[in-house]
Amino acid sequence: MKAVIPAAGMGTRLLPATKAQPKEMLPVVDKPTIQYVVEEAVDSGVTDIIIITGRGKRAIEDHFDRSLELEQRLEKSGDDQELREIQRIASMADIFYIRQKEQLGLGHAVLCAKKHLGDEPFAVMLGDDIVVNDRPCLSQLLKVHERTGSSVVGVESVPKSMVSRYGVIAGEKQGEDLYRVTDLVEKPTPETAPSDLAIIGRYVFEPQILDCLEKTGPGMNGEYQLTDAMRALCTDRDLYGLKFTGRRFDIGGKGDWIRATIELALERGDLASELRRSLGQLLERDGEG
Ligand code: G1P
């Protein structure tokens, strides 16, 4: 199984931080966002990864490449732990890069990988969504795919007021956390949303999605939308929505990015007590003010 990670978007919700650096490289605690996504793929058993990049995204390639100069320096200074970590990052997966030459939307970005996907199922993982859980989100989706032989998308209940940020599914409940998708709408208004089940950035697709993508014209904002192709897919094939287990952060937005950094730092043995103290002081000062 291969995973496609679209990472060509401009990151306008995070400006000015993303003016000259990819949003996928913004750190959450001390790791770039995209490293969490690649690690989730690897932890789910996927080591063949295609990252769709674009202009200004070179830092992603550099991050997963070896840095011999840095390795030599860490070796000399005896920073063995750092050295091992730097080497691990460069060797954890086989990563291939494809450039999306024009920003024509998520559907178009996925289609850029078509030649390299063959006639096999594949995963799509959005480069700015992080899901934290002992059992990786992608492996939860892969399990459903294995059982059903059909495409699966990760979904999460969101407040109705927030549906317009997402693709939203309509579905028939098939079990505790599983839905058979009957319709999908990209970024509906709260009034027109078919449910509160938002698509998050994890998908496992049967190869037929690529035909649907090719046949789907531009949609919302004039972009080729993955959601529209999924809508076509579910008219003659099963598509499932899985309410996955885990905490999801949308790093493409400022609020979630800050929340992710704080939450994940509070779980780190080396950072938690100092951060807890600082946060306590800040809240106390806030309360007084
Ligand atoms: C994309 C998809 C949308 C999905 C969302 C998840 O939107 O088009 O269907 O719900 O990712 O993060 P974007 O965040 O690129 O606007």
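The values are calculated or read from the model by the stated rules, or taken from the named source; none is laboratory data. From a predicted model like this one, the values you see are computed outputs, not experimental measurements. When we count neighbours, we look across all protein chains shown, and the Cβ atoms used for this are built from the backbone with ideal geometry, even at glycine.
Computed quantities for the displayed model
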| item | result |
| --- | --- |
| Filter result (closer than 13 Å to L233 by Cβ, more than 16 Å from the ligand (Cβ to nearest atom) and either polar (S, T, N, Q) or not in a strand (DSSP E or B) (or both)) within the stretch 161-211 | T182, E206, P207, Q208, L210, D211 |
| Residue check for S44: away from the ligand (no atom under 16 Å from the Cβ), crowded, with 18+ Cβ neighbours inside 10 Å and either more than 17 Å from the chain's Cα centre (by Cα) or in contact (Cβ under 8 Å) with a residue 40 or more places away in the chain (or both) | yes |
| When residues of the stretch 147-160 are limited to those that are assigned to a loop (DSSP other than H, G, I, E, B) and within 22 Å of R13 (Cβ to Cβ), the one farthest from the ligand (Cβ to nearest atom) | P159 |
| Hey, P190 more than 22 Å from the chain's Cα centre (by Cα), at pLDDT 95 or above and surrounded by fewer than 16 Cβ atoms within 10 Å (Cβ to Cβ) or not | yes |
| Among (1) touching a residue at least 12 places away in the same chain (Cβ under 8 Å); (2) assigned to a helix (DSSP H, G or I); (3) surrounded by fewer than 16 Cβ atoms within 10 Å (Cβ to Cβ), the one test that K143 misses | (1) |
| Qualifying residue in the stretch 222-235 (condition: surrounded by fewer than 18 Cβ atoms within 10 Å (Cβ to Cβ), assigned to a helix (DSSP H, G or I), within 14 Å of the ligand (Cβ to nearest atom) and not aliphatic (A, V, I, L, M)) | yes |
| Unmet criterion (only one of (1) over 21 Å from V37 (Cβ atoms); (2) surrounded by fewer than 17 Cβ atoms within 10 Å (Cβ to Cβ)) for V181 | (2) |
| Every residue from the stretch 115-140 that is farther than 18 Å from V153 by Cα, part of a loop (DSSP other than H, G, I, E, B) and touching a residue at least 60 places away in the same chain (Cβ under 8 Å) | L117, G118, D119 |
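Listed here are the residues, each with its yes/no results for (1) surrounded by 17 or more Cβ atoms within 10 Å (Cβ to Cβ); (2) in contact (Cβ under 8 Å) with a residue 12 or more places away in the chain; (3) away from the ligand (no atom under 16 Å from the Cβ); (4) within 19 Å of the chain's Cα centre (by Cα).
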residue: V38; (1), (2), (3), (4): yes, yes, yes, yes
residue: I60; (1), (2), (3), (4): yes, yes, yes, yes
residue: Q81; (1), (2), (3), (4): no, no, yes, no
residue: Q87; (1), (2), (3), (4): no, yes, yes, no
residue: F96; (1), (2), (3), (4): no, yes, yes, yes
residue: A113; (1), (2), (3), (4): yes, yes, yes, yes
